[in-house]
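Notes follow once the structure below has been shown.
The values are calculated or read from the model by the stated rules, or taken from the named source; none is laboratory data. Everything quoted here is computed from the prediction, not taken from an experiment. Here the Cβ positions follow ideal geometry from the backbone for every residue, glycine too, while neighbour counts run over all protein chains shown. All accessible areas refer to the heavy atoms of the entire protein, side chains included, with ligands and DNA or RNA removed. Shrake-Rupley method; radii C 1.70, N 1.55, O 1.52, S 1.80 Å.
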Amino acid sequence: MPLPLPLPGEEPTPGQDSAAAPARAPATVPVPDVPDVFDPRVYADSVPYDRYRTLRDHHPVARQAEAAVLGWPAGPGFWAVTRHADVTAVLKDATTFSSYLGATQIRDPDPADLPFIRRMMLNQDPRPGARSRAHGGNPSGHHRLRTLLGGAFTPRRVARFADLARERARELLTAAVAQARAGDGTCDLVAAVTDDYALLNLADLLGVPESDRGLLLHWTRRVIGYQDPDEAAEAGGTVLGRDGRPVNPRSPAMLADMLAYAGRLAAHKRRHPGDDVMTALATTPGLTTAELEMSFFLLTVAGNDTVRGAAPGGALALAGHPGELRGLRTGAAPLPGAVEELLRWHPPVLSFRRTAARDTELGGRRIRRGDKVVVFHAAANRDERVFAEPDRLDLTRTPNPHVSFGDGPHLCLGAHFARLQLGIFYEELLAAAPVLRPAGAPRRLVSHFINGLKTLPVRLAD
């Protein structure tokens, strides 16, 4: 009986009995290096889902450098968290991972600005008392502010807002389709529809007079788009301090005009009340002037850019997936579930920062008190451990535990309003546009924070 032949590369050396050959150690697969997901320029072409996958598979809690980039100085580095389970663990555990200690942006604020930044509900921890004070946490009321703000969104106000949003979406989309038909069938959906849709809805909600509505976009660009040269230029350019370094757009100096406007608007609402959020806040007992001003800042920036980022992102996804678009048109994919999947696919927020309040362990890594811990929502939304075929758009996906609006005590206060606006927008888009196809590459916001589109060329008519 013939002996089996050795496989290539396994032949014994002359004079060696093949049966006595020592066993070879199994080949080891090299672990990929940690990819950079900090540099905002990485996001100019696309969200780096390939890098996120490498991090999830090999470095789920990975040390990232903060190099000097786009005129901004280098920082001390941070831990990037990319798996869904670890992201939700961080977001839910405000005792260990604080929003108050270093605020919620990757870049460290100037220490002199930190007390000011902490006035905002977003940069507070939810449980005041001895525990949070012992760790440097805020002794003020995150829960109190959240309750006061939430109380401004009455059912009657929500219903009125929905009617206005639908009317606005219909008007903007009808005009965009007419513009496309008069030309080559295409238009820039961002310039023609989604920027105005988000901005004007927010202005209605807040009760900002029509003459002042351009200010909301200006302030949003200054605060959110500061990493993007185009957006920074639109907002007046990067402001340098006496040391020649850029001034943080969330600093008191850069927000002085917005907060002063909030004070004037609140005074006007007390004299001339309306059915709007600023009237509700201006007449809320116990809300201090500083809290009102920072609430206006939060609602202006977050309320505008959430829908401003998500609406064109969802439209781009539908335009690029004709089968899913057809399912939405025919009702095979119910709208509420489609809204959730489009949010998973194109989350408006890419990342948020926390600071470790104590030594801990996460994903097998030792985290020291004071370390920056940054969760990447877009990475968690494509985690194969939670979502089957996560790189496939499936408007009927269920369950769909995406983290596009966060999780835990800082779950987005305006999530309901964002979902409402997005559902209305998609309904009216399908009703107004006989076709929806890509008509060129979009231009993306240079940012590791907001998943924004600056342009979106689409074909709306043949």
Out of residues 5 or more away from GLY77 or on other chains, whose amide H comes under 5 Å of its own, with H placed 1.01 Å from N in the peptide plane? GLU66
Cα pairs beyond 14 Å in region 379-445, in percent, come to 74 percent
Computed accessible area, TRP345, all protein chains, 1.4 angstrom probe, square angstrom: 50 Å²
Extension reserve of the ARG157-HIS218 stretch, reckoned as 0.36 nm per residue once the Cα distance is removed: 19.4 nm
For the chain, calculated [θ]222 nm from helices alone, where every DSSP H run of n ≥ 4 adds -39500 (n - 2.57): -13000 deg cm²/dmol
Dipole axis of the chain (+1 Lys, Arg; -1 Asp, Glu on Cβ), positive-most option in ALA441, HIS410, ALA319: HIS410
Just to check I understand the Karplus step: with θ = phi - 60° and J = 6.51 cos²θ - 1.76 cosθ + 1.60, what whole-Hz values come out for region 173-188, glycine and proline as x? 6, 4, 5, 5, 5, 4, 4, 5, 5, 6, x, 9, x, 10, 7, 8
Net charge over other residues, Cβ less than 14 angstrom from the Cβ of ILE224 (K, R count +1; D, E count -1): +1
Return the ratio Rg/(2.2 N^0.38 Å) for region 55-96, where Rg is computed over Cα atoms only. 1.42
Any aspartates and glutamates whose Cα falls less than 19 Å from that of LYS92, other than same-chain ones fewer than 8 residues away, would be ASP125, ASP359, GLU361, ASP371, ASP383, ASP407
By accessible area (1.4 Å), largest first, TYR197, TYR49 order as TYR49, TYR197
Neighbourhood net charge (14 Å Cβ-Cβ; Lys/Arg +1, Asp/Glu -1) for ALA74: -1
Put +1 on the Cβ of each Lys and Arg and -1 on the Cβ of each Asp and Glu in region 246-396; which of PHE296, LEU343, GLY309 then has its Cα farthest toward the positive end of the dipole? PHE296
Grab every C-alpha pair in region 342-462, bin the distances at 5 angstrom width from 0 up to the longest one, and report whole percents. 2, 9, 13, 17, 20, 17, 10, 5, 3, 2, 1, 0, 0
Heavy-atom SASA rank of ARG385, ARG271 (probe 1.4 Å, accessible area, largest first): ARG271, ARG385
Sort 314-325, 148-159, 55-66 by the packing proxy (mean of other Cβ within 10 Å over each peptide's residues), most packed first. 314-325, 55-66, 148-159
5 Å is the cut-off here: which amide hydrogens, built 1.01 Å from N in the peptide plane, fall below it relative to THR455, excluding neighbours closer than 5 in sequence? ARG443
Extent along principal axes [Cα atoms of region 304-397; Å; largest to smallest]: 53, 32, 20
The set of residues whose placed amide H lies less than 5 Å from the amide H of ALA439, leaving out same-chain residues fewer than 5 positions away, is VAL458, ARG459
Given charges of +1 on the Cβ of Lys and Arg and -1 on the Cβ of Asp and Glu, with all other atoms neutral, how large is the dipole of the chain about its Cα centre, in debye to the nearest 20? 1440 debye
Potential lengthening between THR455 and LEU430 on full extension [0.36 nm per residue; Cα-Cα distance subtracted]: 7.0 nm
Report, to the nearest whole %, how much of the accessible area of the chain belongs to carbon and sulfur atoms, 1.4 Å probe, protein only. 56 percent
